[in-house]
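A.B. asks: Let me begin by handing over the structure; questions about it come next.
Since every read-out is calculated from the coordinates, none of them should be taken as a lab result. Note that this is a predicted model, so its numbers are computed, not measured. Using ideal geometry, Cβ is built from the backbone for each residue, glycine included, and neighbour counts are taken over all protein chains shown.
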Amino acid sequence: MKKLLFLTAIILCIGICLSLTFCSTKSKLNDFKLVSYDVENNGILISSYSAFDEKGILKVFLKRYNDSAYYKYQLTKNEIESINKLSSKKLKDFIIKKKFEPGSGYSGSSNYLSFKIDNKNENLCFILPFMDNEFNESISLLESKIFSQNDSCKISGFNIDFEKVRREITKQEQIDNYLPKKQSLPPPIKKTN
């Protein structure tokens, strides 16, 4: 009987320690969304949608070339702490420039970030070259998880209101109207003999 009580006490202690380790860091950000998108033919094409909750459960939708895939990941304590840095100031204060040097361009996707902090909405359409290092480190860390496509974390899906997301992006793009238009790369030079 004493051994049983002793084992029960040890299991409870281990359980409490594990729960404190995994649940001690919560996100400061609520309703977090990170979306990668392109504007084509006056429409918004969403290539990735990510959302996570205060416990660090990250859900990901990826539109791939031939199909779509859904994933679910648990963010680590360090990842949550890094993403929480986005709450250190207003999102627009992470912007370090609003245009490229002459002769430079951009052919990547644009991004939309949205979350609530202290019941205040923060929204921003951005491209990484216009943002400061602290912001880029947090987003790049999150993107490495988003685009990892770990088959063991694949899920059948989750609900996303794509039309609502498109409306949010359209509204925010009117505010963040400095984003460059996506440029096509020039055709390759043909070799002549």
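A.B. asks: Could you give each residue of region 93-98 its phi-based ³J(HN,Hα) in whole Hz, using Karplus coefficients 6.51, -1.76, 1.60 with θ = phi - 60°, and x for Gly or Pro?
C.D. replies: With the stated coefficients, region 93-98 comes to 6, 7, 6, 10, 7, 10 Hz.
A.B. asks: Taking R0 as 41 Å, what's the FRET efficiency between Lys92 and Ser148 from their Cβ-Cβ distance, rounded to 0.05?
C.D. replies: My answer for the efficiency is 0.90.
A.B. asks: With the Cα gyration tensor of region 52-165 in hand, convert its eigenvalues to equivalent ellipsoid semi-axes via √(5λ) and list them largest first in whole Å.
C.D. replies: Whole-Å semi-axes of the equivalent ellipsoid: 25, 19, 14.
A.B. asks: Suppose a student asked you for the relative contact order of region 49-91, using Cα pairs under 8 Å spaced at least 6 residues apart; what percent would you report?
C.D. replies: Averaging sequence separation for qualifying contacts and normalising by length gives 28 percent for region 49-91.
A.B. asks: Now for a separate question. Using the Cα centre as the reference, give the magnitude of the dipole from point charges on the C-beta atoms of region 64-171 (Lys, Arg: +1; Asp, Glu: -1; all else neutral), rounded to the nearest 20 debye.
C.D. replies: Around 340 debye, computed over region 64-171.
A.B. asks: A follow-up question, please. Sort Cys153, Cys125 by Cβ crowding within 10 Å, fewest neighbours at the top.
C.D. replies: The order, fewest Cβ neighbours first, is Cys153, Cys125.
A.B. asks: Can you find, among Ile146, Phe126, Phe100, the residue sitting farthest towards the positive end of the charge dipole of region 60-193, where Lys and Arg contribute +1 and Asp and Glu -1 at Cβ?
C.D. replies: Projecting each Cα onto the dipole axis, the largest value belongs to Phe100.
A.B. asks: Along the Cα→Cβ direction, 7 angstrom out, place labels at Glu54 and Lys77. What is the inter-label distance in nm?
C.D. replies: Those two pseudo-labels are separated by 2.0 nm.
A.B. asks: Return the distance in nm (one decimal) between the two label points of a simple spin-label model at Asn30 and Ser104, each offset 7 Å from Cα along Cα→Cβ.
C.D. replies: The answer from the label model is 3.8 nm.
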